[in-house]
Amino acid sequence: MTWKVQDIDEAAQKVLAEVGREHFYQYKHRVDDEWTPVYQWRREPQCFVGHILNVLGVDMSDLGPCEGRNIMWVAEQLKLSIDREAMILLENLQLLQDCREPWGFVLDQARKGGEPIWWRGMS
């Protein structure tokens, strides 16, 4: 099955229903000697994208070796089937959550679509 935007959005809504729209990632783990968001910790989802992947059925233990990597790298390594628009949504979610924004705001901004946020404004 290839995940589409609707799948990612529905999973994100489930996460927000559980943690609340004002929840944000709190840096509490070190990867390569830096404070960084992690997908999982002791097989429990941590960051927004980690929570979404968990809802979608990704085994949290598979994400251990992926810490410190972006979602594109993770998808390739784990052979996740994600269409282009859904990958852009996940990339934008990841970038915004890493800025410690509340996850409700993160989802609202990421839903605006288009190219990945880090491409915006580049000529």
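Laboratory data are not the source of any read-out in this text; all were calculated from the coordinates shown. It should be emphasised that the depicted structure is a prediction, and the values quoted were computed from it without experimental measurement. Cβ placement follows ideal geometry from the backbone for every residue including glycine, while neighbour counts extend to all protein chains displayed.
The table below lists the values:
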quantity: Amide H contacts under 5 Å for W41, placed H, 5+ residues apart; calculated: Q46
quantity: Length released on extending from D108 to D59, taking residue separation times 0.36 nm less the Cα-Cα span; calculated: 15.0 nm
quantity: Ranked by how many other beta carbons lie within 10 Å on average, peptides 45-55, 12-22 from highest; calculated: 45-55, 12-22
quantity: Sum of side-chain charges, F48 neighbourhood, beta-carbon under 10 Å (Lys, Arg +1; Asp, Glu -1); calculated: -2
quantity: Mean Cβ neighbour count within 10 Å, used as a protection proxy, ranking 3-10, 103-110 highest first; calculated: 103-110, 3-10
quantity: Stretch gain in nm, segment R43-R21, where the contour uses 0.36 nm per residue and the Cα spacing is subtracted; calculated: 5.6 nm
